[in-house]
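Worksheet: the structure to be examined is printed underneath.
The values are calculated or read from the model by the stated rules, or taken from the named source; none is laboratory data. Here the structure is a predicted model, which is why all the values come from computation and not from measurement. Every residue, glycine among them, receives a Cβ derived from its backbone with ideal geometry; neighbour counts consider all protein chains shown.
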Amino acid sequence: MKKRTVVLWLLTIVYMMNFIDRQIIGILSPAIKDEMGFTDAQLGWLKGFAFAVLYVVAGIPIAWAADRFNRTKIVAISLAVWSGFTALTGAAGSYMAMLFARIGVGIGEAGGSPPSHSIISDLYPKEQRASALGIYSLGIPIGIAFSYILAGLLIQILGWRGLLYALGAFGVLLAVALVIFVDEPKRGQQESADLTEQMSFGQGLKVLLTIPSWWFMCFGIAFVSFGGYAVSAWGVDYLARFDPIYAPKGEKFTWLMYNLGIIHLVAYGAGTYFGALLTEKLAKKHIGAYGWVPGLALVFGAPALIYAFWVDDIYMHLALVSIYLVAAGVYLGPSFAAAQTLAPVNMRAMSTALFFLILNLIALGGGPTIVGLISNALAEQHGELHSLRIAMTWLIVTYVIAIIAFGIAGFTMKKDWAEAERRNEVDLAD
């Protein structure tokens, strides 16, 4: 196995932990609500805005450092920080304590993806970047899957607090392993662009403003992720209200967690991996596939998701969610590859940080929080189950915006991609 493959999978495991620690609150939400007595609005702030508020702010200075200093160490330190705050979330005895702990998790996780994307882009040429970042993006379905499976296995044994302690400890150990086994690659080794001068944030932003495809791909991923984060944050709450048998103390909670874990692993994982491969294949004929393939997938996936919250059968709900997850995974590899390839070589970490800043302000900050606020506002009139169902139905608006954005990116990609190749041209003679 090539060393770069080992590095890619180690970074993927880090990304997996990123999503376990990010999503676990949504899965543990019913148990936290039972013990702490939080409202849907309070839970919405915890799941969304509290995490995102400093995640997006911290991402820019961390990315600035990643474009100049050792990226491996930055990822390792960030992992140790967010893992420590995950453990502190489990120790929280009040709403404010948990709120500040979640903010800390967000600060730490801001240093995960931008340096990792930059490292991977230095290990793989642009023709293989979508599939490499597609593998890295498998950290999302794997992380979400393990969140469900670990909850099903351990919540009855450790409780929700003990589970958060365990995740924190494992993350710190993984950070140590990262420092030991991952070397810092030569920056820009896949391109011949001159890296003697670093771009300032203002210079980098000025360049990105001239690349329409970068922005349309960014808004596409942001609005599809708006729905994805809302589903991850509120899906278990919905099913616990749909039938108490699926609540954490219900007799079928473990069964539900296993099934949700397998569905995310298989369906979301397949969409993520094969979506990246399909896009790379079709992009050889027309580079617009980077936008069109994710957009077309959502045309089929988004209606399946909305309908899933209106069926009266748990098996049909899970089947429709599976269809959605295949479609939802398709955008990851192409979007991240576009963010890296379209940006100048010496601001790749900054490009990803800006991508995530916009994405998470809209998606992570908005999705779970707004759904919680809508549900909370409608609960008295419609009851907790139906109010949450209505709130989830409103997500169709964000999916329509995402489809439009990806579609436009498909049309602008050819010109922008060609200009990026001229800017970051690989000297094959070397």
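Consider A363 carefully, then state whether it is more than 28 Å from L260 (Cβ to Cβ), small (G, A, S) and modelled with pLDDT of 80 or more. No; evaluated as a whole, the condition is false for this residue. Might you let me know whether segment 40-57 holds any residue that is in a helix (DSSP H, G or I) and farther than 30 Å from S94 by Cα? So far as segment 40-57 goes, no, none of its residues is in a helix (DSSP H, G or I) and farther than 30 Å from S94 by Cα.
Take M350 and decide whether it is crowded, with 21+ Cβ neighbours inside 10 Å, more than 14 Å from V224 (Cβ to Cβ) and at pLDDT below 80. Judged against the criteria, M350 is a match.
Looking at V330, V311, just one residue is over 22 Å from T210 (Cα atoms) and surrounded by 22 or more Cβ atoms within 10 Å (Cβ to Cβ), and that residue is V330.
Of the residues making up segment 307-364, those that are free of Cβ contacts under 8 Å to residues at least 12 places away in the same chain and in a loop (DSSP other than H, G, I, E, B) are V311, D312, D313. Just one of the numbered conditions (1) at pLDDT 90 or above; (2) of a type outside the set (S, T, N, Q); (3) farther than 26 Å from V75 by Cα is not true of L163: (3). There is no residue in segment 265-285 that is modelled with pLDDT under 95, polar (S, T, N, Q) and under 20 Å from G152 (Cα atoms). Considering segment 97-144, the residues that are closer than 17 Å to V182 by Cα and in contact with a Pro (Cβ under 7 Å, 6 or more places away or on another chain) include one that is modelled with the highest pLDDT, namely I119.
In segment 31-48, is there at least one residue being surrounded by 19 or more Cβ atoms within 10 Å (Cβ to Cβ), of a type in the set (A, V, I, L, M) and closer than 21 Å to L154 by Cα? Looking for residues that are surrounded by 19 or more Cβ atoms within 10 Å (Cβ to Cβ), of a type in the set (A, V, I, L, M) and closer than 21 Å to L154 by Cα, one finds at least one in segment 31-48, hence yes. The residue of segment 372-398 that is nearest to the chain's Cα centre (by Cα), among those that are over 19 Å from H317 (Cα atoms) and surrounded by 20 or more Cβ atoms within 10 Å (Cβ to Cβ), is T398. Among the residues examined, T72 does not qualify as surrounded by fewer than 18 Cβ atoms within 10 Å (Cβ to Cβ) and over 19 Å from the mean Cα position of the chain (by Cα).
Results for (1) crowded, with 20+ Cβ neighbours inside 10 Å; (2) farther than 30 Å from S375 by Cβ; (3) not basic (K, R), shown as yes or no for each residue.
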residue	(1), (2), (3)
L209	no, yes, yes
F223	yes, no, yes
F226	yes, no, yes
P248	yes, no, yes
W255	no, no, yes
I262	no, no, yes
A270	no, yes, yes
A289	yes, yes, yes
G295	yes, no, yes
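Among the residues of segment 218-274, the one identified as without any contact (Cβ under 8 Å) to a residue 60 or more places away in the chain, within 20 Å of the chain's Cα centre (by Cα) and farther than 21 Å from A337 by Cα is V266.
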